1. Once the whole set of protein chains is in place, how much accessible area is left on Ser78, using a 1.4 Å probe, in Å² to the nearest 10?
2. Go through Pro159, Ala51, Val27 and say which Cα lies farthest out towards the positive end of the charge dipole of the range 18-172; charges sit on Cβ, +1 for Lys and Arg, -1 for Asp and Glu.
3. About its Cα centre, how strong a charge dipole does the chain have in debye, to the nearest 20, once Lys and Arg get +1 and Asp and Glu get -1 at the Cβ?
4. Of Asp88, Asp135, which has the most accessible area and how do the rest follow, probe 1.4 Å?
5. Positive end of the charge dipole of the chain (Lys, Arg +1 and Asp, Glu -1 on Cβ, about the Cα centre): tell me which of Gly84, His40, Asn74 has its Cα farthest that way.
6. Ordering Asp16, Asp157 by accessible area with a probe of 1.4 Å, largest first, what comes out?
7. Can you list residues from other chains, or at least 5 along the same chain, whose modelled amide H is less than 5 Å from the amide H of Thr143?
8. Could you size up the charge dipole of the range 94-172 around its Cα centre, putting +1 on the beta carbon of Lys and Arg and -1 on that of Asp and Glu, and report it in debye to the nearest 20?
Amino acid sequence: PAPTRGWGEATGQTPDELLGLAWLNAVHPDDRHFVMRHWHEALAGGATMNAEYRLRMAGGGWRWTNVRAAPLRNSHGSVARWIGMNIDVDARRQAEGALRESEGRFRVLAEASPALIYQFDEQGRLAYANRRCQDMLGMQAGTSPENGWGAELHPEDGPRYIERVRLAIATR
């Protein structure tokens, strides 16, 4: 079964281009194998297909979409049609990519820095410690004041520092 007219309007494909598996021509070449794997899994198991991939748009360019679709079978058990929806997730995917790039730049700079750079998570566990922190103080990601980084503090300063860290985390 071919995708609906809405698919053709979005991708610019004609009704003839929607027959069989020709609809895949609107899927980014790098994503086709992934899409087909999910499509075959939905066909075999009758489960809903839930996949994100890039789709060529009628106006040009590629946009990320989340497709959720399931095959509807007739009384003989063969697929009568597919029912589903596409959700434009391009803005979210672009933001995630930008965040990954920014985090990568941060990591490169932090690892090259001679400064002690560390970050706590919302529970006060060490979420990140650059190589300098690890080498100089033995600080390891995943540790809390009770089971790691707190032992590195001077006994007179430690409790006050831990209290201030927890207050800073609680009040953001």
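The values are calculated or read from the model by the stated rules, or taken from the named source; none is laboratory data. Please read all numbers here as calculations on a predicted model, not as lab measurements. Neighbour counts run over all protein chains shown; Cβ positions are idealised from the backbone, glycine included. When the accessible area is computed, the model is the full protein with side chains, heavy atoms only, and any ligands, DNA or RNA have been set aside. Shrake-Rupley method; radii C 1.70, N 1.55, O 1.52, S 1.80 Å.
1. It works out to around 60 Å².
2. Going by the Cα projections, it comes out as Val27.
3. Rounded to the nearest 20 debye, it is 420 debye.
4. Asp135, Asp88
5. Comparing the listed Cα positions along the dipole, Asn74 ranks first.
6. Asp16, Asp157
7. Answer set, sorted by chain and number: Leu126.
8. Values: 10 positive and 12 negative charges, 32 e Å.
Once rounded to the nearest 20, the dipole reads 160 debye.
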